Amino acid sequence: MADRFFPNQMPYLVEEEEERDQGTLALDSRDSLLRLLSMPLSALFERLKRAALDLKETVVLKTWGSIRGCVRDFTLYSGTLGTAFLLLKSYQLTRNRNDLNLCSEIVKACYSASFQSRDVTFICGRAGVCALGAVAAKHLGDHELLSYYLAQFKEQIKLPKDLPDELLYGRAGFLWACLFLNKFIGDETIPSNHIDVVMNDIFKSGRRLGARLSCPLMFEWYSENYWGAAHGLAGIMHVLLHLKLSPGQADEVKHTLKYMIKYRFPSGNYPSSEQDRNRDHLVHWCHGAPGIALTLVKAAEVFGDDKFLEAAVEAAEVVWNRGLLKRVGICHGISGNTYVFLSLYRLTGNKVFLYRAKAFACFLLDRAHRLISEGQMHRGDNPYSLFEGLGGMAYLFLDMFAPADARFPAYEL
């Protein structure tokens, strides 16, 4: 199991030191990672911001400049739309209009490439292209383009009957796109009655399978009952927690999460599926404690139940101990795992969680490129993408500049 992650040898807490000049820093004999951890937050965040903007340029060059607008993989997950999402994030931080213009240009190419796709989710489907295009158009002040993307999005509202329920390819992923539009364009951009139809279909589907497994809600993806954020319970519950639930529906979500807490591993980690309850090995956003912790934080916020917060904190301990994965990405890498600490910091204000987020980000800043070049860290099957590669690391570094506002991309709202 240890071959999946680097042992976490970072101190439990490192006190910040006063600002020192570059000459003094150069003479500091301590380990470079320890020097980063002791930097004042303002100085460290500026360094992370600079690294993020440099990485952004590399990602744009590798995913856009090299293809000259000929998009093959349009998705947010592994393709070119992830670069557009990163550019929008950069624009929101720096107000660099060039980033916004390029974001819109990339979305247009992704839109053309997505015509044959039957996928309707934000992360892997055409809905994500239209939703991101609409938000970029709003920032640009292009009302005609905004209306066009919204009209194209609304054409997808009548979902196929055979659609699964999970986040990456199913109903939950479409609902997330609706929530994204309603947050960044305006309430009722996608009317609540359309959202309620999809939400009710998710509950009906979950109840059918849950009745056989003594859990209020359960779902199936390729013949497995997954628990994680990408394909299973955590991701679906996370989306439902953003919706207006009836008292009965709220109870179903609560007890589904309590079922998961009850059957977690003694370590505090979570199985990837009902069929994998004896293998405590994955500590990823997509499978295991990280993605479930983010959902538990949201549940604690929505329900005000300390049991969900306690379980999230216990899951975060697993991430601290086993979450320095030998990958950089958002989905199954250090970048994604860092958001567990950022989410808990946002909810609690506890600076221990901010330190832990800082520690993981510093580990990446200090060592990721060297470890990748030495073959000790996997750069991702799509090495510059948002969810698998350096695009996700750049996004995290941008989020670290304002950690109280950080959100896991395409998951937290």
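Summary table
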quantity	calculated
Count of segment 212-254 residues which are without any contact (Cβ under 8 Å) to a residue 60 or more places away in the chain and more than 14 Å from L296 (Cβ to Cβ)	22
Flag for E15 being farther than 28 Å from R322 by Cα, open to solvent by 60 Å² or more (accessible area, probe 1.4 Å) and either part of a helix (DSSP H, G or I) or at pLDDT below 95 (or both)	no
Filtered residues of segment 62-88 (kept if at pLDDT below 95 and either aliphatic (A, V, I, L, M) or touching a Lys or Arg at 6+ places or on another chain (Cβ under 7 Å) (or both))	I67, V71
Residue match in segment 140-148 (condition: aliphatic (A, V, I, L, M), in a helix (DSSP H, G or I) and surrounded by fewer than 18 Cβ atoms within 10 Å (Cβ to Cβ))	yes
Residue tally, condition within 24 Å of F6 (Cβ to Cβ) and outside any loop (DSSP other than H, G, I, E, B), over segment 227-275	0
Of residues in segment 187-220 being in a helix (DSSP H, G or I), touching an Asp or Glu at 6+ places or on another chain (Cβ under 9 Å) and of a type in the set (A, V, I, L, M), the one nearest to L159 (Cα to Cα)	I202
Residue within segment 115-126 that is charged (D, E, K, R), surrounded by 22 or more Cβ atoms within 10 Å (Cβ to Cβ), under 23 Å from the mean Cα position of the chain (by Cα) and not in a helix (DSSP H, G or I) present	no
Lone unmet requirement of (1) surrounded by fewer than 20 Cβ atoms within 10 Å (Cβ to Cβ); (2) in a loop (DSSP other than H, G, I, E, B) for K183	(2)
Single match in P164, P191 (criterion: open to solvent by 20 Å² or more (accessible area, probe 1.4 Å), modelled with pLDDT of 95 or more, touching a helix residue (DSSP H, G or I) at 6+ places or on another chain (Cβ under 9 Å) and not hydrophobic (A, V, I, L, M, F, W, C))	P164
Complete set of residues in segment 361-378 that are in a loop (DSSP other than H, G, I, E, B) and surrounded by fewer than 21 Cβ atoms within 10 Å (Cβ to Cβ)	E374, G375, Q376
R171 crowded, with 17+ Cβ neighbours inside 10 Å, basic (K, R), farther than 18 Å from M199 by Cβ and modelled with pLDDT of 95 or more	no
Subset of segment 75-100 that is more than 17 Å from A177 (Cβ to Cβ) and small (G, A, S) - its residue that is surrounded by the most Cβ atoms within 10 Å (Cβ to Cβ)	S90
Qualifying residue in segment 379-392 (condition: open to solvent by less than 10 Å² (accessible area, probe 1.4 Å), modelled with pLDDT of 95 or more and part of a helix (DSSP H, G or I))	yes
Residues that are buried (at least 24 other Cβ atoms within 10 Å of the Cβ) and in a helix (DSSP H, G or I), drawn from segment 399-413	D399, M400
So L245, is it within 25 Å of V198 (Cβ to Cβ), out of contact with any Gly (no Cβ under 9 Å at 6 or more places or on another chain) and buried (at least 21 other Cβ atoms within 10 Å of the Cβ)	no
Where a residue in segment 338-360 is modelled with pLDDT of 95 or more and its partner, wherever it lies, is of a type in the set (G, A, S) and open to solvent by 10 Å² or more (accessible area, probe 1.4 Å), with Cβ under 8 Å and at least six apart	Y345/A404; R346/A404; L347/A300
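Residue-wise test of (1) surrounded by 19 or more Cβ atoms within 10 Å (Cβ to Cβ); (2) more than 19 Å from the chain's Cα centre (by Cα); (3) of a type in the set (A, V, I, L, M, F, W, C).
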residue: I202; (1), (2), (3): yes, yes, yes
residue: R207; (1), (2), (3): no, yes, no
residue: A211; (1), (2), (3): no, yes, yes
residue: L217; (1), (2), (3): yes, yes, yes
residue: Y222; (1), (2), (3): no, yes, no
residue: G228; (1), (2), (3): yes, no, no
residue: L233; (1), (2), (3): yes, no, yes
residue: I236; (1), (2), (3): yes, no, yes
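The values are calculated or read from the model by the stated rules, or taken from the named source; none is laboratory data. Quick caveat, the model's predicted, so the values are computed rather than measured. Here Cβ is always computed from backbone atoms with ideal geometry, including for glycine, and neighbour counts include all displayed protein chains. The area values use the complete protein model at the heavy-atom level, side chains included, leaving out ligands, DNA and RNA. Shrake-Rupley method; radii C 1.70, N 1.55, O 1.52, S 1.80 Å.
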